[in-house]
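Undergrad: Submitted below is the structure of interest, expressed as structure tokens.
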Amino acid sequence: MHRAGNGDALHLVNVAQAAGGEPFHAPGPGDFEFPPLFGFFTKPMLIVVLAALFVGIGFYLAARRASLVPSKGQFLGEGVYGFVRNSIVGDTIGLRDGLKFVPYLVTLFSFIAVLNLSGILPVLQFPATSRIAIPLFLALISWVIYNYIGIKRHGFVGYFKAMMFPPGLPKPIYVLLAPLELLSTVIIRPITLTLRLTLNMFAGHLVLLVCILGGEYLLVEKGGVFAALSVVPFAFSIVLTFFEAFVQVLQAYVFVLLSALYIAGALADEH
Amino acid sequence: MNGTINGSLNMIGYGLAAIGPGVGIGLIFAAYISGVARQPEARGVLQGIAILGFALAEALAIIGIGLAFVLS
């Protein structure tokens with residue numbers, strides 16, 4: 001096949017290589033690997049420890065001197081707690097059954113939100129949740145909780161019967177429905193919880209890296225006309241940083257909302 | 001080197017796979033917006049449902065990007 005004039009993107013790459021300087025190395029999964037700071041301790045682990053300390057100490061300080069006229073810290077802590085209790089647990093599990101899950105869900109929400117937001121905090125600038133082990137472990141905790149709660153409420157057989165054979169459907173449907181429901185509840189739910197959080201953070205961090213490293217490459221490596229063009233990716237990186245902040249809080253909300261829904265589903269009685 | 005394209009075909013596959021969830025998320029938010037426009041006081045209830053549907057539709061795109069990186 002004759003390959004001359006094979007598209008604009010290729011043309012740009014060739015121009016970039018002809019103009020001198022080394023070619024641009026696009027960021028990839030390799031940018032998510034960190035050398036250990038000391039021993040086996042890497043940067044994502046440091047972020048997890050810092051986030052755990054921040055959430056724990058923050059809530060402790062917010063609740064320590066609770067007063068009728070709240071301080072700023074108490075206002076923030078109560079705001080997060082009230083948000084999770086009223087608009088997540090209240091709407092899904094219901095406050096009568098759900099009040100005892102509120103502490104877990106508040107902790108989950110603030111921990112994930114802080115881990116996610118470390119992706120746009122200066123100095124840290126890495127969302128620890130983009131390493132799959134962390135969301136996987138959090139999803140496994142949710143998985144254990146909703147299965148345990150369901151088995152405790154309905155009994156082992158009753159739980160799987162309520163899950164796989166919801167009443168009121170024509171008999172042949174169950175051939176299809178029962179294995180799908182079993183697969184969905186036991187295997188697919190923790191996997192999608194994990195992958196949704198991990199890969200949202202992964203993709204968001206990758207997009208930010210492309211914008212910032214691309215702008216840096218144009219400004220530092222190319223120079224000249226290209227240096228003036230670097231304004232575009234830098235402007236995009238600022239806009240995308242705000243967008244990332246939104247996505248990071250949204251994903252923490254989605255993770256907690258889905259955990260609450262799974263708990264609500266496990267607790268639901270047969271109708 | 002001249003005239004060749006390097007990279008993984010997986011990424012093109014991922015681009016195609018992202019069309020479906022993209023359309024789905026668009027439909028979900030279109031329904032949410034028209035629901036709120038008809039009945040603004042139902043916003044609080046609809047918001048949770050819309051974000052839930054968004055999360056479930058988005059999971060497909062997310063699984064796609066995961067597999068695009070894994071199956072290389």
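The values are calculated or read from the model by the stated rules, or taken from the named source; none is laboratory data. Note that the structure is predicted; figures quoted are calculated from it, not measured. We place every Cβ from the backbone using ideal geometry, glycine too, and count neighbours over all the protein chains shown. Please note that ligands, DNA and RNA were not included when accessible areas were found on the heavy atoms of the full protein model with its side chains. Shrake-Rupley method; radii C 1.70, N 1.55, O 1.52, S 1.80 Å.
Undergrad: Considering A:Arg189, A:Arg153, which residue is in contact (Cβ under 8 Å) with a residue 12 or more places away in the chain, within 14 Å of chain B (Cβ to nearest Cβ) and not aromatic (Phe, Trp, Tyr)?
TA: Values: A:Arg153 fails: within 14 Å of chain B (Cβ to nearest Cβ).
Within the list A:Arg189, A:Arg153, the selection yields A:Arg189.
Undergrad: All but one of (1) open to solvent by less than 20 Å² (accessible area, probe 1.4 Å); (2) without any contact (Cβ under 8 Å) to a residue 40 or more places away in the chain hold for A:Gly56, so report the exception by its number.
TA: Failing condition for A:Gly56: (1).
Undergrad: Given the conditions (1) modelled with pLDDT under 80; (2) more than 12 Å from chain B (Cβ to nearest Cβ), which single one is not true for A:Phe41?
TA: Of (1) modelled with pLDDT under 80; (2) more than 12 Å from chain B (Cβ to nearest Cβ), only one is false for A:Phe41: (1).
Undergrad: Could you please let me know if B:Leu27 is open to solvent by 40 Å² or more (accessible area, probe 1.4 Å) and in contact (Cβ under 8 Å) with a residue 12 or more places away in the chain? Steps first, answer last, please.
TA: Values: open to solvent by 40 Å² or more (accessible area, probe 1.4 Å): yes; in contact (Cβ under 8 Å) with a residue 12 or more places away in the chain: no.
Answer is no for this residue.
Undergrad: Among the residues of segment B:39-60, how many are under 24 Å from A:Met201 (Cβ atoms) and either open to solvent by 90 Å² or more (accessible area, probe 1.4 Å) or facing chain A (nearest Cβ under 9 Å) (or both)?
TA: So the answer is 10.
This table checks each residue for (1) open to solvent by 70 Å² or more (accessible area, probe 1.4 Å); (2) within 14 Å of chain B (Cβ to nearest Cβ).
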position	(1), (2)
A:Pro233	no, no
A:Phe236	yes, no
A:Val254	no, yes
A:Tyr262	no, yes
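Undergrad: Only one of these conditions is not met by A:Leu180: (1) open to solvent by less than 80 Å² (accessible area, probe 1.4 Å); (2) assigned to a helix (DSSP H, G or I). Which number is it?
TA: (1)
Undergrad: Can you find even one residue in segment A:202-216 that is open to solvent by less than 20 Å² (accessible area, probe 1.4 Å), within 12 Å of another protein chain (Cβ to nearest Cβ), touching a Pro at 6+ places or on another chain (Cβ under 9 Å) and of a type outside the set (A, V, I, L, M, F, W, C)?
TA: For segment A:202-216, residues open to solvent by less than 20 Å² (accessible area, probe 1.4 Å), within 12 Å of another protein chain (Cβ to nearest Cβ), touching a Pro at 6+ places or on another chain (Cβ under 9 Å) and of a type outside the set (A, V, I, L, M, F, W, C): present.
Undergrad: Given the criterion open to solvent by 40 Å² or more (accessible area, probe 1.4 Å) and either farther than 27 Å from A:Asp269 by Cα or part of a helix (DSSP H, G or I) (or both), identify the matching residue among A:Ile151, A:Ile112, A:Ile88. Walk me through it before giving the result.
TA: Numbers: A:Ile112 fails: open to solvent by 40 Å² or more (accessible area, probe 1.4 Å); A:Ile88 fails: open to solvent by 40 Å² or more (accessible area, probe 1.4 Å).
Exactly one of A:Ile151, A:Ile112, A:Ile88 is open to solvent by 40 Å² or more (accessible area, probe 1.4 Å) and either farther than 27 Å from A:Asp269 by Cα or part of a helix (DSSP H, G or I) (or both), namely A:Ile151.
Undergrad: Tell me yes or no: at least one residue of segment B:62-72 is under 23 Å from A:Gly28 (Cα atoms), at the interface with chain A (Cβ under 10 Å from one of its Cβ atoms) and outside any helix (DSSP H, G or I).
TA: Yes - at least one qualifying residue is present in segment B:62-72.
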